[in-house]
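Working notes for the structure below.
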């Protein structure tokens, strides 16, 4: 597996300094960045900083109650939502690729 960057930010999610620090180290504006996560709390914080959001549902990962998760999905603030029944990161990559072509 090949990576272009490894970043160390001396804070922990959901501290905004994590997201904003990562964008700054990459020389990007927050709206040019995306956060992929299996925890809506982390995505909520990233979104508040201007990031795009990709949620990957995973069994027994989400700390939020089911009704709050359902409301979040209905509210539509997650840009890409991959369900447990889909193919995780592969599905996310396919959807992001389609979005980039539009």
- [ ] Output the residues belonging to the stretch 67-89 that are more than 21 Å from residue 31 (Cα to Cα) and part of a loop (DSSP other than H, G, I, E, B).
- [x] 83, 84, 85, 86, 87
- [ ] Please tell me if residue 58 is over 12 Å from the mean Cα position of the chain (by Cα) and either touching a residue at least 24 places away in the same chain (Cβ under 8 Å) or in a strand (DSSP E or B) (or both).
- [x] yes
Open item on the list: For the stretch 20-38, which positions are more than 23 Å from residue 57 (Cα to Cα) and not in a helix (DSSP H, G or I)?
Closed with: 27, 28, 29
- [ ] Inspect all residues belonging to the stretch 66-77 and state whether any of them is closer than 18 Å to residue 14 by Cα, under 9 Å from the mean Cα position of the chain (by Cα) and touching a residue at least 12 places away in the same chain (Cβ under 8 Å).
- [x] no
Task: Residue in the stretch 19-37 that is more than 12 Å from the chain's Cα centre (by Cα), touching a residue at least 24 places away in the same chain (Cβ under 8 Å), surrounded by 15 or more Cβ atoms within 10 Å (Cβ to Cβ) and farther than 23 Å from residue 97 by Cβ present - done: yes
- [ ] Filter the stretch 8-18 down to the residues that are surrounded by 11 or more Cβ atoms within 10 Å (Cβ to Cβ) and more than 19 Å from residue 53 (Cα to Cα), then identify the one that is modelled with the lowest pLDDT.
- [x] 9
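When the stretch 39-50 is examined, which residues are found to be buried (at least 16 other Cβ atoms within 10 Å of the Cβ) and either part of a helix (DSSP H, G or I) or within 8 Å of the chain's Cα centre (by Cα) (or both)?
Looking only at the stretch 39-50, we keep the residues that are buried (at least 16 other Cβ atoms within 10 Å of the Cβ), and these are 39-40, 42-47, 49.
Listed by number, the residues that qualify are 40, 42, 43, 44, 45, 46, 47.
The values are calculated or read from the model by the stated rules, or taken from the named source; none is laboratory data. Quick caveat, the model's predicted, so the values are computed rather than measured. Here Cβ is always computed from backbone atoms with ideal geometry, including for glycine, and neighbour counts include all displayed protein chains.
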